[in-house]
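For reference, the structure discussed in these notes is given below.
Only the coordinates and a few stated rules stand behind these numbers; no lab work does. Note that the structure is a prediction, hence the values are computed from the model and not measured. Glycine gets a Cβ as well: all are built from the backbone with ideal geometry, and neighbour counts include every protein chain shown.
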Amino acid sequence: MAKPNKKGPTKTIDIFCSQCKTQLFKYRKGGKGSLVKCFKERISVDYTTTPCTCPSCKQTFARDTLVRGTPAFKMIGGKVFSK
């Protein structure tokens, strides 16, 4: 399978925790579909202290996986929203 584009898209979105509304990432997302996974190389600003855990409410919002041979966070449904 093909790897994701290294440069990636230029449009950034803000990703927030759905429970406490804390900002988690600034992410360069491509396409207009829902947020299913976040490739680590496309995260421009990371506000979390421990991976996949919200810094304020300590809720786990994603799982650390490999997607197409590239490290990524696979989002758990309903735990995050984006603007």
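Show the residues, 5+ positions off or on another chain, whose built amide H is closer than 5 Å to the amide H of residue 25.
15, 47
Provide the FRET efficiency to the nearest 0.05 for the residue 36-residue 56 pair, computing r from the beta carbons and using R0 = 22 Å.
Calculated value: 0.40.
Of the residues 24, 66, 35, which exhibits the maximal mean-square fluctuation in a Gaussian network model of the chain defined by a 10 Å Cα contact cut-off?
With Cα springs under 10 Å in the chain, the top fluctuation among 24, 66, 35 is at 66.
Calculated from the structure, mean projected area of the Cα convex hull in nm² equals which of [x] 7.2; [y] 5.6; [z] 5.1?
[z]
Quote the relative contact order of region 12-82 in percent (integer), defining contacts as alpha-carbon pairs under 8 Å separated by 6+ residues.
In percent, rounded to a whole number, it is 34.
So if I place +1 on the C-beta of Lys and Arg and -1 on the C-beta of Asp and Glu, and nothing else carries charge, what would the dipole magnitude of the chain be about its Cα centre? I want it in debye, nearest 20.
It works out to roughly 320 debye.
With unit charges on the beta carbons (Lys and Arg positive, Asp and Glu negative) and the dipole taken about the Cα centre of region 12-82, which residue among 30, 80, 66 sits farthest to the positive side?
30
Taking amide H positions as placed 1.01 Å from N in the peptide plane, with prolines and chain starts having none, which residues 5 or more places from residue 62, or on another chain, fall under 5 Å of its amide H?
Answer set, sorted by chain and number: 76.
Show the residues, 5+ positions off or on another chain, whose built amide H is closer than 5 Å to the amide H of residue 80.
HN-HN under 5 Å from residue 80: 18.
Count the lysine pairs in the chain whose Cα atoms lie under 13 Å apart, taking only pairs 8 or more positions apart in sequence or on different chains.
22
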